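Below you'll find the structure, written out as structure tokens, and then a few comments.
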Amino acid sequence: MLGILLPSMQAELGFDGVQAGWLGSARSAGNLLVFAASITLVRFSPVKTFNGFTLLLALSLLIGVFAPDFWVLLAALAIYSVGVSWGQIPMNMIRQQWIPPRETATVMGLILTFGAVVLMAGLILVPIAIQYVTWRAVFAVNAVILLGLSVCWHLTAYERIAPTYAAARLTDRGLGAARNILHRREFYLLGLATLGGATTFMTFMLFLPTYYVNERGIGLQTAGIITAMIQVGGLSVNLLVGVVSDRIGRRKLLIWPSGIVLPFLWFLMLAPLPPLALGFVGFLVGVAAWMPFPILQTIPLELPGLTPSDRAVGQALQFTVQTTGQLIAPVFVGVIAAATGSYHAALLPLVVLPVLFAVTMIFLPETGPKGRRPATIVEAPAG
């Protein structure tokens, strides 16, 4: 929802488009050190560690509520990014305890579906709320929600440690997991695939509302609804793609098509189409942009020869790789927009990045149940 809040933030704190790009980059700053952090974090109870990061998220938003200037707000979002990215390490370990392998993609789809519902609601409701309250109130409400979730987590969450999992935690910690992962090319490929899709997605979500309002003359509420249609598309596909992937036993088949169609769809989001057509294109963008992610979060849990700590550290490496694009792109767009006066010109080069969804799949092994199944060897009859 940061893109929706940007105009009111700029009006109150008086920062320009370049600084807006820095805010967008700050959302991913925590990923820079997530790999190093994972070496230590895998040593602790994932349930307690995750709750600590939930509290850190709430604290960072409260800092933002009282931010007197741009720089304090920038620091608040950087702290928030640490809670988001570092919190994925204990969460990935918890998922391995609770989710059966045969249901992994389905559950990942369910998690992302819920996320899409929340984002869609925010993109529709926040433009309405911002007419009556400030962006600080939006931060405060989210902080209160996070504090409530932290209490619920503390009262209900617990570890489910099987004997083999407990043994792995005792024998495989930190540096040993890092050494194992640094030689696995799969996590570099997964990071590149996510870089291509997430960089364009997050940067467009940040600047599209401003582009529609300032350059297309579309009202903020309408711009919010158009952007929300991207989440509607994601909502329609997230749960379905996980179920389909588990049923057909394939992963890559549901990733590479997005790399082919997304560049054209993102290009259309910048085209001079009427709002109704933009909403329809946004829905298609959401379908194609979200479809790979339940699978991309499933593949690390299926790679052979890895312990739970290996997988958590490996996903941290994946986050580090993808961060490169997410840090550079918002600043790049902010600088180009300031120089040219056009967000259209600044966003246009990013439409090609999702092609990495298709390119990386050429080199990534199939990890789905059918892909892992050894081929049957039929011997020719003697003579």
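A few comments on the model shown:
- On the stretch given as the range 24-47, residues that are free of Cβ contacts under 8 Å to residues at least 12 places away in the same chain and over 29 Å from THR200 (Cβ atoms) total 0.
- Scope the range 121-145; condition open to solvent by less than 60 Å² (accessible area, probe 1.4 Å), out of contact with any Gly (no Cβ under 8 Å at 6 or more places or on another chain) and not aromatic (Phe, Trp, Tyr); matching residues: ALA121, GLY122, ALA129, ILE130, ALA137, VAL138, ALA140, ASN142, ALA143
- Any hit, the range 301-316, residues being open to solvent by 50 Å² or more (accessible area, probe 1.4 Å), hydrophobic (A, V, I, L, M, F, W, C) and either modelled with pLDDT of 95 or more or more than 13 Å from GLY197 (Cα to Cα) (or both): no
- Residue that is more than 12 Å from PRO275 (Cβ to Cβ) and not hydrophobic (A, V, I, L, M, F, W, C), where the choices are ARG184, ARG216: ARG184
- Given (1) open to solvent by less than 60 Å² (accessible area, probe 1.4 Å); (2) under 21 Å from VAL47 (Cβ atoms); (3) modelled with pLDDT under 90, index of the condition GLY148 fails: (3)
- Only one of the numbered conditions (1) touching a residue at least 60 places away in the same chain (Cβ under 8 Å); (2) surrounded by fewer than 20 Cβ atoms within 10 Å (Cβ to Cβ) is violated by ALA75, and that is (1).
To keep it simple, each residue is scored yes or no on (1) of a type in the set (D, E, K, R); (2) surrounded by fewer than 21 Cβ atoms within 10 Å (Cβ to Cβ); (3) touching a helix residue (DSSP H, G or I) at 6+ places or on another chain (Cβ under 7 Å).
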| position | (1), (2), (3) |
| --- | --- |
| GLY17 | no, no, yes |
| GLY24 | no, no, yes |
| PHE44 | no, yes, no |
| VAL84 | no, yes, yes |
| TRP98 | no, yes, no |
| ILE111 | no, yes, no |
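The values are calculated or read from the model by the stated rules, or taken from the named source; none is laboratory data. Keep in mind the model is a prediction, meaning the values are calculated, not measured. Cβ: placed from backbone, ideal geometry, glycine included. Neighbour counts: every protein chain shown. Each accessible area value is taken on the protein alone, full model and side chains, heavy atoms only, with ligands, DNA and RNA left out. Shrake-Rupley method; radii C 1.70, N 1.55, O 1.52, S 1.80 Å.
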